[in-house]
Amino acid sequence: MPDLIYLNGELVPRDEAGVSVYDHGLLYGDGVFEGIRAYAGRIFRLEEHLDRLERSSKAIMLELPLSRQELIEAHIQACRANEIRDGYMRAVVTRGDGDLGLDPRKCPNPTLFIIAASIQLYPEELYETGLELITTSTRRNSPSSLDPGIKSLNYLNNILAKIETNLAGVAEGIMLTQDGMVSECTADNIFICKDGAVMTPSLATGSLDGITRRVVLECAEAEGLPWGEAVFPIAQVYTADECFLTGTGAEIVPVVKVDGRVIGDGKPGAITRRLLDSFRALTKSEGTPIYD
Ligand code: PMP
């Protein structure tokens, strides 16, 4: 498979695709990004990802170098150049090349690159056995200092929590708000099911407005399952009937243990499976075509 990166309007071989050491994306994490997935030759929910990219960049006063239509075409171009049918795209917009001060006004031209690659799928057995989680001691950034709703290049908050999960030997970790309410995981949103209802932390907890989270809520509605967004403490997770995580890479992954507590009967639950089936049906039936 060719390895070509879309970089500022050109397709550049991976080994030659570089950004300046003065790029503020690198110096300060000053930039925004998206992780997007393609299924069977179509880009899933591209418009929603671009909506979020536009919201993130607006929030940090970073003007995107391309219009909406140009962004769509750039993603298609990156996929075509790499012969992607099923894959993962990483779109990154940085503040661009500047000087050593942090003033964004010194960066006249943003840098935009799109990596379109094959996807490293989670092992299918994970969907059969389920994940174990811990709650991390690193709290999610407060929206009053750095709103986690801005999908910025500044991911150290999540990385510090991820280091905790690595040390604990588990694959993901739950991050709480400054007040100790459940927010999300280091790179996934979290859901619980109780008495047949599907519940996820409200965006007021500083969780990312995940595209998969949205799709899962749509699926719950279509399946006639009661659902809601709420603010709840970790004990609600311990006592849930089911728990699962959502994300572009993960899709919907069942959780069977949290902080040593077995969730439900310790096996992926029926609602989780139902939602995963309807989610996968959607990924097979819609999306922006990459090829004519
Ligand atoms: N929360 C965080 C912190 C994330 O980085 C992500 C994306 N990996 C998600 C949630 C899930 O969002 P999405 O469904 O849009 O991939």
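A compact table of results
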item	result
Selection count where residues are in a strand (DSSP E or B) and not aliphatic (A, V, I, L, M), scope segment 104-114	2
Answer from Arg274, Arg280 - the residue that is outside any strand (DSSP E or B), free of Cβ contacts under 8 Å to residues at least 60 places away in the same chain and under 26 Å from Ala74 (Cα atoms)	Arg280
Residues located in segment 90-103, provided they are surrounded by 17 or more Cβ atoms within 10 Å (Cβ to Cβ), outside any strand (DSSP E or B) and not charged (D, E, K, R)	Gly96, Gly98
Subset of segment 253-262 [without any contact (Cβ under 8 Å) to a residue 60 or more places away in the chain and touching a strand residue (DSSP E or B) at 6+ places or on another chain (Cβ under 9 Å)]	Gly260, Val262
Qualifying residues in segment 236-271 (those that are in a loop (DSSP other than H, G, I, E, B) and either assigned by TED's automatic domain parsing to the domain that holds Leu50 or under 15 Å from Asn189 (Cα atoms) (or both)) - the one nearest to the ligand (Cβ to nearest atom)	Thr248
Among residues of segment 114-129, those that are surrounded by 12 or more Cβ atoms within 10 Å (Cβ to Cβ) and out of contact with any His (no Cβ under 8 Å at 6 or more places or on another chain), counted	9
Wholly within segment 1-89, strands (runs of 3 or more DSSP E) carrying at least 1 residues that are away from the ligand (no atom under 16 Å from the Cβ) and touching a residue at least 40 places away in the same chain (Cβ under 8 Å)	4-7, 10-13
Test for Thr165: is it closer than 27 Å to Arg273 by Cβ, away from the ligand (no atom under 11 Å from the Cβ) and out of contact with any His (no Cβ under 8 Å at 6 or more places or on another chain)	yes
Positions within segment 150-181 being of a type in the set (Gly, Ala, Ser) and over 20 Å from Val255 (Cβ atoms), in sequence order	Ser152
Scope segment 140-169; condition among the basic types (Lys, Arg) and in a loop (DSSP other than H, G, I, E, B); matching residues	Arg140, Lys151
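Residues checked against (1) modelled with pLDDT under 95; (2) β-branched (Val, Ile, Thr); (3) farther than 18 Å from Ile36 by Cα:
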| residue | (1), (2), (3) |
| --- | --- |
| Asp103 | no, no, yes |
| Lys106 | no, no, yes |
| Leu112 | no, no, no |
| Ala116 | no, no, no |
| Leu121 | yes, no, no |
| Gly130 | no, no, yes |
| Ser142 | no, no, yes |
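The values are calculated or read from the model by the stated rules, or taken from the named source; none is laboratory data. These figures come from a predicted structure and were not determined experimentally. Using ideal geometry, Cβ is built from the backbone for each residue, glycine included, and neighbour counts are taken over all protein chains shown.
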